[in-house]
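Visitor: One structure follows; several queries about it will come next.
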Amino acid sequence: MRALLAVMLLLCAGVAQAAIDTYEFNDEATRERFTALAAELRCPKCQNQNIADSNSPIAKDLRDELHRMLETGASDDEIVDFMVTRYGEFVLYRPRMSNQTYLLWYGPAALLVIGIVVVLVVSGKRKSKAGAKGDSGLSEQEQQRLDELLKQDKDQ
Amino acid sequence: MRRLLVLLPLALFIGLGLFLWNGIGKDTNTIPSPLLNKPMPSFALTSLYDESRVVSAADIKGPALLNVWATWCPTCKQEHAQLNKIAQEEGVTIYGVNYKDDRAKAKVWLEKYLDPYALNVFDPEGKLGLDLGVYGAPETYIIDAQGIIRYKHVGEVNQRVWEQLRAEMQKLGAN
């Protein structure tokens, strides 16, 4: 039973693989670049998928184009530029640094720094307040009375 | 100073709320085209009717509409009557890009539903489509007198969209 299941699973895996791997490459490095770029380029039609995942015709076209450009020896930057001049910054899952995307790139880090500063300032204030008053928990009047009583004690 | 600090989270919350609220209801399917205000990409493809005639970007003379269509695209069928109307009644030049289609089928379609196009570029592999950044037919572009792409509409051209396109074209004509 278990063996049968294993065989069936293996068959399924084979079929799934066949649907994806239809490109041939000159070498293993190019194949890796293809996989990496296809995973980072976003399908313009089906916006929550990259072009490697999507079955839409436009994603297929872009994969074909990507494959063709890799075969003709284009660099990664050239390929990304090619896509961006046609479909806009939109196709990049990792947007490039520009004055439009600074907020996106540095926003989270800036918020973290602000958070840390606020925590430090607040805790610092608490400490200094606690230090000034002492830990007795007495009001000003009570403290004065205590000091007087202690003085009396010393005088006698 | 401390009082202001207390109000800071509220201010941040309101700011974030406004920012997100602004995004509600926005059409996320239309993506801004980087080709706006750029010349028509160059190409060398055949005319749909005449296999031996090679057409290029020089044949696209604005001001005109450029409509990317195909027989496999249901929305193209929906908008076809509107395109006929625009071409016949308003005398607007419309160029067609027959995108990843079959030449024979496209010819039959135009015979059946009438042909609003001044010229049809046959783009079976979607090469021009790729250079135009087409991601879903139908798409309609406004080309100005200098051959510059000035506007892009993705989806059906109906009466409401046409009025918008006409306003854009008139704005270009006035300049």
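Visitor: Can you give the accessible area buried between chains B and A, summed over both chains, with a 1.4 Å probe, in Å² to the nearest 100?
Guide: The summed interface area works out to 1400 Å².
Visitor: Taking amide hydrogens as modeled 1.01 Å from N in the peptide plane, which residues meet the under 5 Å criterion relative to A:Gln49, leaving out close sequence neighbours?
Guide: HN-HN under 5 Å from A:Gln49: A:Cys43.
Visitor: Using the Kirkwood formula on the Cα atoms of the range A:21-91, what hydrodynamic radius do you get, in angstrom to one decimal?
Guide: 12.1
Visitor: Moving on to the next point. From the convex hull of the Cα coordinates of chain B, what is the mean projected area in square nanometres?
Guide: With every direction weighted equally, the projected area is 13.5 nm².
Visitor: Among the complete DSSP H segments of chain B, which ones combine at least 30 Å of alpha-carbon extent along their axis with a mean Kyte-Doolittle hydropathy of 0.5 or more?
Guide: Going by DSSP H runs, the hits are B:2-23.
Visitor: Going by accessible area, probe 1.4 Å, with all protein chains left in place, what is the ranking of B:Lys152, B:Lys171, A:Lys127, A:Lys60, largest first?
Guide: The residues order as A:Lys127, B:Lys171, A:Lys60, B:Lys152, largest area first.
Visitor: For B:Lys38, list the lysines whose Cα falls under 23 Å from its own Cα; do not include residues on the same chain fewer than 8 positions away.
Guide: Candidates past the 8-residue exclusion: A:Lys45, B:Lys61, B:Lys127, B:Lys152, B:Lys171.
Visitor: With +1 on the Cβ of every Lys and Arg and -1 on the Cβ of every Asp and Glu, and nothing else charged, how large is the dipole of the protein assembly as shown about its Cα centre, in debye rounded to the nearest 20?
Guide: Dipole about the Cα centre, nearest 20: 1160 debye.
Visitor: Round to a whole angstrom and tell me the spacing of the C-alpha centers of the range B:17-81 and the range B:85-119.
Guide: Distance between centres, Cα-based: 14 Å.
Visitor: A further question on this structure: Any idea what the dipole of chain B comes to, in debye rounded to 20, about its Cα centre with Lys/Arg Cβ at +1 and Asp/Glu Cβ at -1?
Guide: Roughly 780 debye for chain B.
Visitor: If you bin the C-alpha pair distances of the protein assembly as shown every 10 Å from 0, what whole percents do you get?
Guide: It works out to 5, 17, 21, 18, 13, 9, 6, 4, 4, 3, 1, 0, 0, in whole percents.
Visitor: In the protein assembly as shown, what percentage of the DSSP-assigned beta bridges are antiparallel, given to the nearest 5?
Guide: About 65 percent, rounded to the nearest 5.
The values are calculated or read from the model by the stated rules, or taken from the named source; none is laboratory data. This structure is a prediction, so every number in the text was calculated from the model and none was measured. No Cβ is skipped: glycine too gets one built from the backbone with ideal geometry, and neighbour counts run over all protein chains shown. The accessibility values were calculated without ligands, DNA or RNA, using every heavy atom of the protein model including side chains. Shrake-Rupley method; radii C 1.70, N 1.55, O 1.52, S 1.80 Å.
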